[in-house]
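S.K.: Submitted below is the structure of interest, expressed as structure tokens.
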Amino acid sequence: MLKTGILNPFILSLLARVRHTNMLVIADRGFPSWPQIETIDLSLTDDIPTVGQVLHAVRTAATFGAAIMAEEFCSANSPETKTTFLHELEGIPLTFEPHEAAFKKRLPSAIGLIRTGDTTPYANLILVSA
């Protein structure tokens, strides 16, 4: 029986299948459903868990070489919120792109999506494995 680290068997299975350059999405509670992508829904209540909490856990189990977020995240959130996300992404190059025109278009090729209860606007990440 697992005693530490990620305990959720669905997330462990998903992470075990992430290979070089695969994309994994961690999304907020309002993110639309993508039927063609394996989705693990962890949302419990508002902000439980958050994207940052899931990111922190996932980073202990896998290595990522890049991250992508919607550029709207920057204008929709406070500098403090942005700093919190940047701290969780420390060491991973981050790029921002338009939510509708670019970010969402990447999703059909993602290996999986983890949905959280996060209420932060545009708190969605695409992590690209190293």
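Quick note: the coordinates plus some simple rules give every number you see, no bench work behind them. Bear in mind the structure is a predicted one, so any value in this text is a computation, not a measurement. Using ideal geometry, Cβ is built from the backbone for each residue, glycine included, and neighbour counts are taken over all protein chains shown.
S.K.: Arrange the following residues from fewest to most other Cβ atoms within 10 Å of their Cβ: K105, K82.
M.R.: The order, fewest Cβ neighbours first, is K105, K82.
S.K.: Are there any GluC sites (Glu not before Pro) in region 88-130 that are in a DSSP loop and have at most 14 other Cβ atoms within 10 Å? List them by number.
M.R.: E90
S.K.: Moving to a separate point now. Could I have the simple spin-label model distance between L44 and H56, label points 7 Å from Cα toward Cβ, reported in nm to one decimal?
M.R.: Reported label-point gap for L44 and H56 is 1.4 nm.
S.K.: Want the number for I37 to K82: 0.36 nm per residue separation, take away the alpha-carbon distance, what's left?
M.R.: 13.5 nm
S.K.: Something else about it: What dipole magnitude, in Debye to the nearest 20, does the chain give about its Cα centre under +1 on Lys/Arg Cβ and -1 on Asp/Glu Cβ?
M.R.: Roughly 540 debye, rounded to the nearest 20.
S.K.: Which one is right for this structure if log10 I(q)/I(0) by the Debye sum over Cα atoms at q = 0.13, 0.21 Å⁻¹ is calculated from it: (1) -0.61, -1.35; (2) -0.53, -1.31; (3) -0.48, -1.39?
M.R.: Here log10 I(q)/I(0) by the Debye sum over Cα atoms at q = 0.13, 0.21 Å⁻¹ agrees with entry (3).
S.K.: In degrees from 0 to 90, rounded to the nearest 10, what is the angle of the helix 79-88 Cα long axis to the longest principal axis of the chain?
M.R.: On a 0 to 90 degree scale, this one is about 30.
S.K.: So how do S78, S129 line up by other beta-carbon neighbours within 10 Å, fewest first?
M.R.: S78, S129
S.K.: Arrange D41, D47 by Cβ neighbour counts within 10 Å, fewest through most, would you?
M.R.: D41, D47
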